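Structure, as structure tokens:
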Amino acid sequence: AVAPEKLARYRELVKRRAETREPLQYILGHTQFVDLKLSVSKDVLIPRPETELLALWGVERLKGVTGESLRALDLCTGSGCLALFMASKEARAKISAADLSPAALAIAKKNADALKLSERVEFHEGDLFGRGAHGAPWRVAPLGRTPRRAAPWRLGTPPRAHRDDLDGSHPATPSRCL
């Protein structure tokens, strides 16, 4: 038998989902990304299945790379799913992850701590065009130019929604992601 308080909580969550159409991952506060359990909130987008495919492809590509260490850059990190997955699967990886949103970075850092990957993934606040926080070890140069201190491997899944659609009125959009 289910305890009455657990049943009441379950009914409350089902009602919340039915009334608000809020994604289940936001209601529960976590999502599964390949084999990682990640915290999520309305401050980050829920990783999409094709992002898992990108992560698996990236790890497969890194297997053929020789050398002691691998540097990679994860742009628009959000929950940190790409950076953390790569770091969890490739011991040589040293990853810099960037996001414009301090709230998203807080979620990503929380995930790194929970997965014990904080030593291998650095987080930096900044945008795609190098206007990052002082000391960020990355910069994305205009096309045709070599970025300063460029990471040879760059991954990212920038939000696909138009800025005007992210006003927070839809329950499935983060409060700020651009």
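The values are calculated or read from the model by the stated rules, or taken from the named source; none is laboratory data. Source: prediction; values computed, not measured. Note: ideal-geometry Cβ built from the backbone for every residue, glycine included; neighbour counts use all protein chains shown. Note: areas computed on protein heavy atoms with side chains; ligands, DNA, RNA excluded. Shrake-Rupley method; radii C 1.70, N 1.55, O 1.52, S 1.80 Å.
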Completion exercise
So the carbon and sulfur contribution to the accessible area of segment 1-50, 1.4 Å probe, in percent, is 55 percent
Fill in the blank from the handout: Computed over segment 1-75, protein heavy atoms only, probe 1.4 angstrom, the accessible area per residue in square angstrom equals 68 Å²
Exercise for the section: Can you tell me the order of 92-101, 70-79 when each peptide is scored by its average per-residue count of other Cβ atoms within 10 angstrom, highest first? Expected result: 70-79, 92-101
Problem - Long pairs among LYS42/LYS109; LYS42/LYS94; LYS37/LYS89; LYS37/LYS116, criterion Cα-Cα beyond 19 Å - result: LYS42/LYS94
Handout entry: 3J(HN,Hα) from dihedral phi, segment 106-113, Karplus parametrisation 6.51/-1.76/1.60, rounded to Hz, x for glycine, proline
Key = 5, 5, 4, 5, 4, 5, 4, 4
Exercise for the section: Round to the nearest 0.05 the FRET efficiency obtained for VAL14 and ASP35 when R0 = 30 Å and r is the Cβ-Cβ distance. Expected result: 0.65
Fill in the blank from the handout: For the ARG92, GLU50 Cβ pair and Förster radius 22 Å, calculated FRET efficiency rounded to 0.05 is 0.30
Exercise for the section: Taking the Cβ of TYR10 as the centre, find all other residues whose Cβ is under 13 Å away and add up their charges (Lys, Arg: +1; Asp, Glu: -1). Expected result: +4
Problem - Prolate/oblate/rounded label for segment 1-136 (Cα gyration tensor, a/c 1.5) - result: prolate
